[in-house]
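Presented below is the structure to which this report refers.
The values are calculated or read from the model by the stated rules, or taken from the named source; none is laboratory data. All of these numbers come straight from a predicted model, not from anything done at the bench. Glycine also receives a Cβ, built like all others from the backbone with ideal geometry; neighbour counts cover every protein chain displayed.
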Amino acid sequence: MEALADFLVRQPLLSLFLVIASGYAIGAINLKGLSLGVGAVLFTGLFVGALVPRAQPPALVGTLGLAMFLYGLGVQYGRQFFAGLAGRAGRRYNLLAVIALASATATTIVAQRLIGASAPMAAGLFAGSGTNSPTLQAALEAAGNLEPAVGYSLTYPFGIVGVILSMYAVQLLVRPKLEPSARSGLQTIEVAVQSDEVIGRPLGEILPALPGGVRVLVVRVNQRNRQPDTEALVSRGDVLLLGGSDANTLEIARAYLGERVHDRVIADRRQLDLIRAFVSAPGLAGRLVMDVRFPAGIDASFAFVQRGDAELLVTPDLTLEFGDRVGVLAPREAFPELRRFFGDSIRGTTEFSYVALGTGMVLGALLGSIAVPLPVIGSFKMGISGGSLLAALVLGKLGRTGPLTWTMPLSANLTLRNFGLSVFLAQVGMASGGPFIGGVAAGGPAYLLAGAAIVIALSMTTLLVGHYAMRVPFDDLLGITSGVTGTPAILAYASRTFPSDRVEICYAMIFPAATILKIVIAQVMIALARGG
């Protein structure tokens, strides 16, 4: 055993990847629908860290992993985050996060007084219960000692398990159903114009009357398929190929226009056909679809954009990204030129600009190092992790700045995020193994109970208030809960058990503001104790 321990100490990177591999193996075990997933990496890290404390890699490794995860998340969901803040739903969801954090803060203060913990220890319990590394870093800087790290390591494990169990219990209680439309792709129908309300009017006058999310993809006139022309008059018997993501809105459009027909447009590929091509040309990534100009002499139009597993309907604000697979309607003789135009290389699904990535991470580190003045506590810093997230959200919203494309292909983004998350959890677990055992031996049960109370207050307030009082859709609610509780491991569990894109979107909408508020709360706790 000693020989093995010495070997692991001499090979910290081997120890790190051993923790990651064994953690993923354990996380794949499913017990009646409950599994830890990537969160199990933390627990294998705690085990190895407790047995061989000196085998842990440098803290910088974990910080880098967390920064990688948060940067990837930010650039993917920057647009959704800012759109959410501008909308009523986003403001309601952030209000729910504030309510939950107020509940957790009150529970922390009560628990601190009951068990006689110091303010730095209480701040560590709060940070660990919220599984938030930037909050821990802020508490360490404010305290000037390692007490917050001990509290963090004691409560962090239950900060994951407790929230997962809360989600599992509430799902059993309310038995939510995932709407099929949450992951629906592009749907099409053919409609023969029969309505007197539209016959004889220009197509451009008819389009605004169609339900939102419905597009006219092809117009068939006199047995010939044509690109939509807003100035062309619509005649009785013309066939419109409509596209949309919702069957109900397509049916509303059909009722407005005429009667449904089959295989008149799609079966005829003589004038127009569908080409699918990967976006790998550097000049296209980061550009709005509406700003793309096809090569001269080619009459073409976008039908859809496939990103990952989802087929996205083309909208004015849709931006092309590396690795997208576009569907374009055009004459077959134009296909070779269109393939050259888009690049059409499958390597585009994995490649991205390392110049943009490096620049974005530098901006995140600089942003995290800025001291923001605040009453009572003096100032606070976001740290490299929080700074990386904020910078990435802004860059993700911009999409492209001059020659730099900030976004990256979904497959590459997922790889970056999952690897960074695994490294972070492994390093934190290995570093916390020794303090975890020592803290439990020195009166840890009281701290563990306090941490559990904070976790339950944080997660159950979000879930119960959100479901029963605010009537938040359940996939949105899981995303909010993941964002307010913090750790990406909880997000991974929520996304796996309730597969909806809204889970990650709402996580990105909530996590930045919740992180800033947690940092402020932890520093205020310590500052007030010193002032008293």
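Considering only the stretch 264-319, give the strands (runs of 3 or more DSSP E) lying wholly within it that have at least 1 residues that are outside the structural domain of ASP501 (by TED's automatic domain parsing), free of Cβ contacts under 8 Å to residues at least 60 places away in the same chain and of a type outside the set (Phe, Trp, Tyr).
273-278, 301-307
If you take the residues of the stretch 182-203 that are among the small types (Gly, Ala, Ser) and loosely packed, with under 13 Cβ neighbours inside 10 Å, which of them is modelled with the highest pLDDT?
Keep residues of the stretch 182-203 that are among the small types (Gly, Ala, Ser), which gives 182, 184-185, 192, 195, 200.
From what's left, loosely packed, with under 13 Cβ neighbours inside 10 Å: 185, 200.
Details: GLY185: 63, GLY200: 93.
If we take residues in the stretch 182-203 being among the small types (Gly, Ala, Ser) and loosely packed, with under 13 Cβ neighbours inside 10 Å, then GLY200 is modelled with the highest pLDDT.
Here are THR63, THR131, THR44: which of them is in a loop (DSSP other than H, G, I, E, B) and at pLDDT below 90?
THR131
Search the stretch 207-238 for residues being touching a residue at least 40 places away in the same chain (Cβ under 8 Å) and either outside any loop (DSSP other than H, G, I, E, B) or not assigned by TED's automatic domain parsing to the domain that holds ALA255 (or both), and hand back the single one that is farthest from the chain's Cα centre (by Cα).
Checking each candidate, the answer is ARG224.
So GLU141 ticks every box in (1) in contact with a helix residue (DSSP H, G or I) (Cβ under 9 Å, 6 or more places away or on another chain); (2) under 30 Å from ILE252 (Cα atoms); (3) of a type in the set (Asp, Glu) but one. Which box is left unticked?
Here GLU141 clears every test but (2).
Take ARG113 and tell me if it is out of contact with any strand residue (DSSP E or B) (no Cβ under 9 Å at 6 or more places or on another chain), closer than 19 Å to CYS506 by Cβ, surrounded by fewer than 16 Cβ atoms within 10 Å (Cβ to Cβ) and assigned by TED's automatic domain parsing to the domain that holds LEU136. Working first, answer last.
Numbers: out of contact with any strand residue (DSSP E or B) (no Cβ under 9 Å at 6 or more places or on another chain): yes; closer than 19 Å to CYS506 by Cβ: no; surrounded by fewer than 16 Cβ atoms within 10 Å (Cβ to Cβ): yes; assigned by TED's automatic domain parsing to the domain that holds LEU136: yes.
No: the conditions fail for ARG113.
From the set of residues in the stretch 85-111 that are free of Cβ contacts under 8 Å to residues at least 40 places away in the same chain and of a type in the set (D, E, K, R), which is farthest from VAL465 (Cα to Cα)?
Ranking the candidates gives ARG88 first.
Within the stretch 1-17, work out how many residues are assigned to a loop (DSSP other than H, G, I, E, B) and among the small types (Gly, Ala, Ser).
Of the residues in the stretch 1-17, 0 are assigned to a loop (DSSP other than H, G, I, E, B) and among the small types (Gly, Ala, Ser).
Working carefully through the options SER166, SER153, find the one that is of a type in the set (S, T, N, Q), surrounded by 23 or more Cβ atoms within 10 Å (Cβ to Cβ) and out of contact with any Asp or Glu (no Cβ under 7 Å at 6 or more places or on another chain).
Only one candidate passes the filter, namely SER153.
Let me confirm something: among VAL19, VAL38, VAL52, which residue is aliphatic (A, V, I, L, M), modelled with pLDDT of 90 or more and surrounded by 17 or more Cβ atoms within 10 Å (Cβ to Cβ)? Walk me through it before giving the result.
Details: VAL38 fails: modelled with pLDDT of 90 or more; VAL52 fails: modelled with pLDDT of 90 or more.
Testing whether each residue is aliphatic (A, V, I, L, M), modelled with pLDDT of 90 or more and surrounded by 17 or more Cβ atoms within 10 Å (Cβ to Cβ) leaves just VAL19.
Here is a check on your reading of the model: is GLY159 within 21 Å of the chain's Cα centre (by Cα), touching a residue at least 12 places away in the same chain (Cβ under 8 Å) and part of a helix (DSSP H, G or I)?
Considered against the rule, which asks whether it is within 21 Å of the chain's Cα centre (by Cα), touching a residue at least 12 places away in the same chain (Cβ under 8 Å) and part of a helix (DSSP H, G or I), GLY159 comes out as yes.
Could you list all residues from the stretch 239-254 that are touching a helix residue (DSSP H, G or I) at 6+ places or on another chain (Cβ under 9 Å) and either within 14 Å of VAL221 (Cα to Cα) or in a strand (DSSP E or B) (or both)?
Listed by number, the residues that qualify are LEU240, LEU242, GLY243, GLY244.
Considering every residue within the stretch 416-436, establish whether at least one is farther than 19 Å from GLY159 by Cβ, in a helix (DSSP H, G or I) and of a type in the set (D, E, K, R).
Scanning the stretch 416-436, I find at least one residue that is farther than 19 Å from GLY159 by Cβ, in a helix (DSSP H, G or I) and of a type in the set (D, E, K, R), so the answer is yes.
Go through (1) in a helix (DSSP H, G or I); (2) among the aliphatic types (A, V, I, L, M); (3) under 17 Å from CYS506 (Cα atoms) and name the single condition VAL472 misses.
(1)
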